[in-house]
1. From the list Val473, Val444, which one is outside any helix (DSSP H, G or I), surrounded by fewer than 21 Cβ atoms within 10 Å (Cβ to Cβ) and of a type in the set (A, V, I, L, M)?
2. Considering each residue of region 775-790, count those that are in contact (Cβ under 8 Å) with a residue 60 or more places away in the chain and small (Gly, Ala, Ser), and give that number.
3. Determine, yes or no, whether Gly407 is surrounded by fewer than 19 Cβ atoms within 10 Å (Cβ to Cβ), touching a helix residue (DSSP H, G or I) at 6+ places or on another chain (Cβ under 8 Å) and part of a loop (DSSP other than H, G, I, E, B).
4. List every residue pair whose Cβ atoms lie under 6 Å apart, where the two residues are 6 or more positions apart in sequence or sit on different chains, the first residue falls within region 261-287 and is among the charged types (D, E, K, R), and the second residue, located anywhere, is in a loop (DSSP other than H, G, I, E, B) and surrounded by 15 or more Cβ atoms within 10 Å (Cβ to Cβ).
5. In the set Ala241, Ala298, Ala291, which member is farther than 13 Å from Gly209 by Cβ, assigned by TED's automatic domain parsing to the domain that holds Gly97 and crowded, with 17+ Cβ neighbours inside 10 Å?
6. So, of the residues in region 381-404 that are touching a residue at least 24 places away in the same chain (Cβ under 8 Å) and within 23 Å of Arg672 (Cβ to Cβ), which turns out to be surrounded by the most Cβ atoms within 10 Å (Cβ to Cβ)?
7. Looking only at strands (runs of 3 or more DSSP E) that lie completely in region 821-892, which have at least 2 residues being touching a Ser or Thr at 6+ places or on another chain (Cβ under 7 Å) and at pLDDT 90 or above?
8. Being at negative phi, at pLDDT 95 or above and in a strand (DSSP E or B), is that true of even one residue in region 378-391?
Amino acid sequence: MSENQKFNGFMTKLKEIWRKGTFQKSGRITYDVVWNIILFFIIIGVVSLFFAGGVGAGYFASLVKDENIRSKAQMEQDVYNYTETSELYFDNEEYLGKIRSDLYREEVGLGEISEHLKNAVIATEDEFFHTHNGVVPKAIARAIVQEVTNSNVKTGGSTLTQQLIKNQILTNEVSFERKAKEILLALRLERFFEKDEILEAYLNIVPFGRNANGQNIAGAQTAAEGIFGVEAKDLNLAQAAFIAGLPQSPTYYSPFTNGGEVKSEAGLEPSLNRMREVLSRMLENEYINQAEYEKALAYDIRENFTKPTDSSIANYPWLTFELEKRAMDKLGQYLATQDGHSVEDYENDADLNEEYKIKAERELRRGGYKVHSTIDKEMHDIVQKVKNEYENYGADRTLVETNEETGETTETVLPVQVGSTIIENKTGKIKAFIGGRDFDKSQVNYATDSQRTNGSTMKPVLVYAPAMELGEVQPGSVIADTSMYYTGTDNEVTNYTMRYHGFTSAREALKKSYNVPAVKTYKKIINKNPKQFMDKMGYTTIPEAAFSYESSAIGTTLVTNEENTNAYATFGNMGKFVDAYMIDRIETKDGKIIYQHESEAVDVFSPQTAYLMVDMMRDVLRSGTAAGVPPQLKYSGVDWAGKTGTTNDYKDTWFIATNPNVTVSMWMGYDRKFSLNKNGYSSRNTTLWSKVVNALSDVRPELMVPDSGFQSPGGLVTRSYCASSGMAPSELCSKVGLVESDIFNSKFAPNKKDNSLIGGDFVKVKDRMVVAGAKTPSEFIIEGGGVMLNPAYLKENNLNKPEVLKDLIPNSARWDKVALPSGDSIASSVASSDEIKDDGKNPAAPGGISASGSAISWSASGSNDVVGYRIYRSAKSGANFSLLGSTTDLSYNFSGKDGYYAVRAVDYFGRESSLSKPVKVGTPDKKEEKPKPPKKDKPKEDPKPDDPEPEDNDDNEGDNGGTDDGGDSGEGGSGGNDDSDSGGDDEAGGDSGGGEAGGDSGDGEAGGDSEE
């Protein structure tokens, strides 16, 4: 049977079945069953859908039940309060730099952002941005499926609105609860705000990786500047596409490493592929055409990457850190007061202070504040330049340290460090400062943080100005610079020179920086609360106990350079202290001022005290320890007043000076308090101070070079005083030339008459004045009479101790007529009439006689009781010596006549020494040649010098030659006390066996003293 026949048979049977209705009947039954089944499942599906929807809605509601319904104002505050890096400014609104932050961001308006970047972000991150209501259900469903199936391809389900909510309100937590809240808040945000507002917020908060300095950045403006060095509005298409691709994985796609270097070719490839993908999506969404697309693809984006820029920390490390620290303190105070705490609570409660400083730090890092400082950029720059170019700091020191556990040693090279502060007196503004030599080597701020002992710069602020204010001292007050010890100790107070200077004025003591007068003055006020003055001048580092130490008077306590300088500004401001400051104001990013400094003047000293202190410190520069400064100053007419300071072992050297406008300090020392080189340590410091002042005066003459100097405030008088007491001069004081004059506060001018001196006849013994004795030759008594210190006065002022008396009279010619009193209270080394014992011997003859022109000089007699010298002359060799005159000096001027000159020493008791060896002047023995007369034999006679008998020698026959001018060979006569005096050299041409004046070998009348 053929295949055709088989097919025809099959069709015949089928038709037969159809005619019988069997098929139709069975089909209707099947259809009904299938339809019913389908209908059942449709009903079940719809019911399930409604059930699932209800369950889903209930689940969604449960996820967001804790989320409060936010008002528009709350949403605005939360969304638009995006982190923005705070900025620092110099004093004239000039930009300094950004506060250090983990994330740098700068806000910008949507109108200042390139259209290319807006379009690139929308095309890449949210293509339906302009049409959705905050969420895209299809995208959410797709993301859920991908999450459930654990798909490797994640297309994401978040719109720009959702990403904004996630970054600004929620967290990056991966959970259905966070996603549900995100959807709810995104829908609500879209109800309140326009699309442009949402896009602007997004473009300001989204992270964009790193900039060319390796810093984390966020926001379109920061990205444009940090990656390409352009404004956000100036981005071209390729640059915009590159930036738009970064938010998907900011670190991975960033072109820079965390060190700021551009990544390698392989490292850049992912970000370049991402850029191409962004461009492709822009083309698909018709934001660009094909030509623009191809041009952007061909663009070499690598050539556009910007170079690293200097940050504020790189250029101004000390300044940036200092401003941050101070801004945190002021912002912390503001936040504390906003929470209801008082300023006093914030300052005095350590825990509260710490809490709010932490909050302030966070705020400052992300709050977009603008911190305005007092720092003058030009002044600050120039002092850094001068400091960096200065070449005379002194040698570096090497610190060797050994680890006790490992025994390993390390060496650290330490340079001489420097610190300086420049403060405007009337306002307290810190205009500039020097924080140190090199921030990379030492991060310590030696102007504001480092605490060092301030040495003699303490004397004006703690000693002399407070003492003048309390009426204890005036510039003309006399203080005895003599031996003293700190109360209750064996520690002696010493001066820098290790010498004492006797009676000195407070002015002179400050000018020369004597320590003893400062300590003695401080003892007068130590129980009168000197701390009150230091507190008013802003010293905070000195412990209260230190004010009870006498040594604090000479600067043994720790202070900062800033507070020491600030205190001196008090004098420049005529006694009013204005606290120094560096933060002028702080503004929010919206321009609201939340902190504004207000200067407040505090009365510390009267204008009279301040002016007197200034006038004393003027002398420091005129003729004192800083006398080398004025010749170095470019502007010589400026009225500067200041003080130097040095600490123990030369570890610190200071100079601080003020003029009517500004106060400038300079400090040098090693970081670990090594000793400075003793040679020129102070001049190196004052020279740098001078260079800084000269440079500042060039750039800011209106501040540094006042039109006039310090003006007297009135209430001052000029008065004379006696240099031995400080009291009003007596006739006796005037007679001996001890009258001085100075300016005084009229309240404390001297009015009591001096009682420190008494009159009498005095002679000089070993450079000491003593009362003349009964046998003392009158020719040596001081002309016009002398004076003696009044024993009663000395006792009253506790100046009668031997160790004090020996240094009490200054070593100066003007004090030559002043004698010390005699008595047991006088040290044995001090000559007095009672203590000069008569040993019955003639004094030793002077030696070393020489002639020059019409003067002769000699060396002093070795005897301790010599009061003067008598000078003799012989016209020629062998002739008698005649008396020319007498003197208390070691030289004598004569008429210039030729001859032989010799000298005798005269003691307190009127005895004479033998003649010194004569000195020949001119050609006394030259004479015309004449026929010699026949020689006749006759007895030889001793020559007799024309030597008048001294006064009061009746009881001393033979001691001074007596009436026996020649004296026998066995007597002393005028030939000294022993036989050897007669046998000197024959320098004057005497017989071979005789002395200089021709004395016989057995005689000594005119013979030299061989022992001299």
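1. Numbers: Val473 fails: surrounded by fewer than 21 Cβ atoms within 10 Å (Cβ to Cβ).
Being outside any helix (DSSP H, G or I), surrounded by fewer than 21 Cβ atoms within 10 Å (Cβ to Cβ) and of a type in the set (A, V, I, L, M) holds for just one of Val473, Val444, which is Val444.
2. Start the filter on region 775-790 by keeping residues that are in contact (Cβ under 8 Å) with a residue 60 or more places away in the chain, which leaves 775-780, 789.
If we keep only those that are small (Gly, Ala, Ser) as well, we get 778.
Qualifying residue count, region 775-790: 1.
3. Values: surrounded by fewer than 19 Cβ atoms within 10 Å (Cβ to Cβ): yes; touching a helix residue (DSSP H, G or I) at 6+ places or on another chain (Cβ under 8 Å): no; part of a loop (DSSP other than H, G, I, E, B): yes.
For Gly407, the condition - surrounded by fewer than 19 Cβ atoms within 10 Å (Cβ to Cβ), touching a helix residue (DSSP H, G or I) at 6+ places or on another chain (Cβ under 8 Å) and part of a loop (DSSP other than H, G, I, E, B) - is not met.
4. Taking only residues 6 or more apart or on different chains, the pairs are Lys263/Pro255; Arg274/Gly245.
5. Values: Ala298 fails: crowded, with 17+ Cβ neighbours inside 10 Å; Ala291 fails: crowded, with 17+ Cβ neighbours inside 10 Å.
Step by step, each of Ala241, Ala298, Ala291 is checked, and only Ala241 is farther than 13 Å from Gly209 by Cβ, assigned by TED's automatic domain parsing to the domain that holds Gly97 and crowded, with 17+ Cβ neighbours inside 10 Å.
6. Filtering region 381-404 for residues touching a residue at least 24 places away in the same chain (Cβ under 8 Å) gives 382-387, 390, 392-395, 397, 399.
Filter once more, so that each one left must be within 23 Å of Arg672 (Cβ to Cβ): 387, 390, 392-395, 397, 399.
Numbers: Lys387: 21, Tyr390: 15, Asn392: 12, Tyr393: 18, Gly394: 17, Ala395: 9, Arg397: 17, Leu399: 13.
This residue is Lys387.
7. Values: elements: 847-852, 855-859, 866-874, 881-887.
It comes to 847-852, 855-859, 866-874.
8. no
The values are calculated or read from the model by the stated rules, or taken from the named source; none is laboratory data. Since the structure is predicted, the reported quantities are computational estimates derived from the model, not experimental observations. FYI the Cβ positions are ideal-geometry reconstructions off the backbone, even for glycines, and counts take in every protein chain you see.
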